[in-house]
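Just so it is clear, none of the values below were taken in a lab; they were calculated from the coordinates. In this text the structure is predicted, and so the values were computed from the model without any measurement. Here the Cβ positions follow ideal geometry from the backbone for every residue, glycine too, while neighbour counts run over all protein chains shown.
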Amino acid sequence: FANCGGSGMTLGLLLAIFIASRRKDYRDLAKMAFVPGLFNINEPVMFGLPIVLNPILVIPFILVPFVNSLIGYFFISMEFIPPIAYAV
């Protein structure tokens, strides 16, 4: 539940750029990085925006997987979804 769309949930960031961004360069980057993001490859987003040295983007990049894990834990503990019981 924590890493859908690559580490830091960059697929969600790409969707947010498609919906809300007015900057053409961000929208072009999102178009280019969307298909690799579907396969959990997020380097085009990380170095294209750049997330790496930008404190405004790196803080959500670190916190979002933690929040997603908590949401997944909540839904499993409330038995809305079953726990994974398959060997990987």
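Give, in nm to one decimal, the length gained when the segment between PHE74 and ALA20 is fully stretched (0.36 nm per residue of separation minus the Cα-Cα distance).
Full-extension gain reported as 16.6 nm.
Once Cα Rg over 2.2 N^0.38 Å is worked out from the coordinates, which option in (i) 1.05; (ii) 1.33; (iii) 1.22 does it equal?
(iii)
Fewest to most neighbouring Cβ within 10 Å: what's the order for MET32, MET46, MET9, MET78?
The fewest-first ordering by Cβ neighbours comes to MET78, MET32, MET46, MET9.
Take the alpha-carbon centre of region 69-88, take the same for region 21-61, and report the distance between them in whole Å.
Rounded to whole Å, the Cα centres lie 29 Å apart.
To test your reading of the geometry: what angle, between 0 and 90 degrees and rounded to tens, separates the Cα axis of helix 55-77 from the longest principal axis of the chain?
Computed tilt is about 20 degrees.
Once you charge only the Cβ atoms, +1 for Lys and Arg and -1 for Asp and Glu, what is the size of the charge dipole of the chain about its Cα centre, to the nearest 20 debye?
So the dipole magnitude of the chain works out to roughly 340 debye.
How high is the relative contact order of the chain? Use alpha-carbon pairs under 8 Å, at least six apart in sequence, and give a whole percent.
35
Within 10 Å of each residue's Cβ, count the other Cβ atoms and sort LEU70, LEU49 from fewest upward.
LEU70, LEU49
In the chain, with Lys and Arg counted as +1 and Asp and Glu as -1 at Cβ, which of these residues, LEU15, TYR86, PRO65, has the Cα nearest the positive end of the dipole, that is, farthest along it?
So the residue we want is LEU15.
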